[in-house]
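First up is the structure itself, then whatever we jot down about it.
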Amino acid sequence: MLLATLVITVLGTSLGLLLGLAGRFMAVEDENPLVKEIEGLLPGSQCGQCGLPGCSSAAVALAEGTLDISFCPPGGRTLVERLAAILDVDISSIGEVPQPMIATINDSACSGCTRCYRACPTDAIVGANGQIHIVLASACTGCKKCVDACPEDCVSLINLPATPDSWHWVKPTAA
């Protein structure tokens with residue numbers, strides 16, 4: 001019995017070591033480091049506002065050059081400026097950037113049906129069945145899925161208030 005336990009222990013340890021070494025030395029690096037860097041800047045909410053299924057596919061498309069740099073409404077002007085710095089794009093050539101939006105709920109019209117709560121991909125809506133719901137502005141990406149799901153039309157989108165990080169000076173033009 002002791003010999004069988006010893007043989008299985010040695011065999012398991014040696015095979016584990018062999019698999020660990022094979023994984024380290026035979027690993028294939030097929031991902032572009034630029035894609036990882038771009039994906040780290042994106043919101044990661046997988047909202048689909050850019051027309052792609054998620055942020056990772058958007059990062060691949062942006063690194064390949066098939067996607068415009070101002071593709072992400074939740075990221076706003078701040079994300080566009082960071083991506084322009086990474087991709088060496090002239091910021092003045094970008095033009096108008098969509099303003100980030102967040103959802104708000106009119107509590108006087110909300111019946112607490114939880115349809116908006118279930119439709120939200122980022123869990124930004126808090127509430128219970130038969131109760132008034134609220135939106136957590138820090139988690140909302142403005143994807144409009146809750147607006148489409150609400151039967152009472154009490155959910156609407158508003159522009160995100162400007163903060164020192166998101167405020168952008170519009171350069172005046174000469175008359």
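Could you tell me which of the residues GLY44, GLY48, GLY54 is modelled with pLDDT under 80 and over 20 Å from ALA85 (Cβ atoms)?
Values: GLY44 fails: over 20 Å from ALA85 (Cβ atoms); GLY54 fails: modelled with pLDDT under 80.
That would be GLY48, the only listed residue that is modelled with pLDDT under 80 and over 20 Å from ALA85 (Cβ atoms).
Residue by residue through the range 44-87, note down the ones that are free of Cβ contacts under 8 Å to residues at least 60 places away in the same chain, in a loop (DSSP other than H, G, I, E, B) and of a type in the set (A, V, I, L, M, F, W, C). Can you show your working first?
Filtering the range 44-87 for residues free of Cβ contacts under 8 Å to residues at least 60 places away in the same chain gives 44, 50-72, 75, 79-87.
After this cut, where a residue has to be in a loop (DSSP other than H, G, I, E, B) as well, the list is 44, 50-54, 65-72, 75.
CYS50, LEU52, LEU67, ILE69, PHE71, CYS72 - these are the residues of the range 44-87 that are free of Cβ contacts under 8 Å to residues at least 60 places away in the same chain, in a loop (DSSP other than H, G, I, E, B) and of a type in the set (A, V, I, L, M, F, W, C).
I'm trying to understand the selection: among the residues of the range 20-43, which are of a type outside the set (Val, Ile, Thr), over 20 Å from MET101 (Cβ atoms) and part of a helix (DSSP H, G or I)? Write out each step before concluding.
Going residue by residue through the range 20-43, those that are of a type outside the set (Val, Ile, Thr) are 20-27, 29-34, 36-37, 39-43.
Now drop any that are not over 20 Å from MET101 (Cβ atoms), which leaves 20-27, 29-34, 36-37, 39-40.
Residues satisfying the conditions are GLY20, LEU21, ALA22, GLY23, ARG24, PHE25, PRO33, LEU34, LYS36, GLU37, GLU39, GLY40.
When residues of the range 119-137 are filtered for being touching a residue at least 12 places away in the same chain (Cβ under 8 Å) and either assigned by TED's automatic domain parsing to the domain that holds GLY51 or out of contact with any helix residue (DSSP H, G or I) (no Cβ under 7 Å at 6 or more places or on another chain) (or both), how many remain? I'd like the intermediate steps shown before the answer.
Going through the range 119-137, the residues touching a residue at least 12 places away in the same chain (Cβ under 8 Å) turn out to be 119-125, 127-137.
Now narrow it down to the ones that are either assigned by TED's automatic domain parsing to the domain that holds GLY51 or out of contact with any helix residue (DSSP H, G or I) (no Cβ under 7 Å at 6 or more places or on another chain) (or both): 122-124, 128-132, 134-137.
Within the range 119-137, residues that are touching a residue at least 12 places away in the same chain (Cβ under 8 Å) and either assigned by TED's automatic domain parsing to the domain that holds GLY51 or out of contact with any helix residue (DSSP H, G or I) (no Cβ under 7 Å at 6 or more places or on another chain) (or both) number 12.
Out of ILE134, ILE94, ILE86, which single residue is of a type in the set (A, V, I, L, M, F, W, C), surrounded by fewer than 17 Cβ atoms within 10 Å (Cβ to Cβ) and at pLDDT below 85? Spell out how you get there, then give the answer.
Details: ILE134 fails: at pLDDT below 85; ILE86 fails: at pLDDT below 85.
Result: ILE94 is the single residue among ILE134, ILE94, ILE86 that is of a type in the set (A, V, I, L, M, F, W, C), surrounded by fewer than 17 Cβ atoms within 10 Å (Cβ to Cβ) and at pLDDT below 85.
Among the residues of the range 3-26, is there at least one that is more than 23 Å from the chain's Cα centre (by Cα) and either closer than 30 Å to ALA149 by Cα or of a type in the set (Lys, Arg) (or both)?
Going residue by residue through the range 3-26, those that are more than 23 Å from the chain's Cα centre (by Cα) are 3-26.
Imposing the further condition that a residue be either closer than 30 Å to ALA149 by Cα or of a type in the set (Lys, Arg) (or both) reduces the set to 24.
Yes - at least one qualifying residue is present in the range 3-26.
Across the range 138-152, what is the total count of residues that are surrounded by 16 or more Cβ atoms within 10 Å (Cβ to Cβ), of a type in the set (Gly, Ala, Ser) and either under 22 Å from PHE71 (Cβ atoms) or not assigned by TED's automatic domain parsing to the domain that holds CYS113 (or both)? Before you say what the answer is, go through the steps one by one.
Looking only at the range 138-152, we keep the residues that are surrounded by 16 or more Cβ atoms within 10 Å (Cβ to Cβ), and these are 140-147, 149-150.
Next cut, of a type in the set (Gly, Ala, Ser) only: 142, 149.
Remaining after also requiring either under 22 Å from PHE71 (Cβ atoms) or not assigned by TED's automatic domain parsing to the domain that holds CYS113 (or both): 142.
Here the count works out to 1.
Does the range 1-40 hold any residues that are exposed (fewer than 10 other Cβ atoms within 10 Å of the Cβ) and among the basic types (Lys, Arg), and which are they? Please lay out each step first, then the result.
We begin by selecting, within the range 1-40, every residue exposed (fewer than 10 other Cβ atoms within 10 Å of the Cβ); these are 1-5, 23-30, 33.
Listed by number, the list holds a single entry, ARG24.
Would you mind stating whether ASP107 is at positive phi and out of contact with any strand residue (DSSP E or B) (no Cβ under 7 Å at 6 or more places or on another chain)?
Working: at positive phi: no; out of contact with any strand residue (DSSP E or B) (no Cβ under 7 Å at 6 or more places or on another chain): yes.
Judged against the criteria, ASP107 is not a match.
The values are calculated or read from the model by the stated rules, or taken from the named source; none is laboratory data. Bear in mind the structure is a predicted one, so any value in this text is a computation, not a measurement. Please note: Cβ atoms are built from the backbone with ideal geometry, for glycine as well, and neighbour counts cover all protein chains shown.
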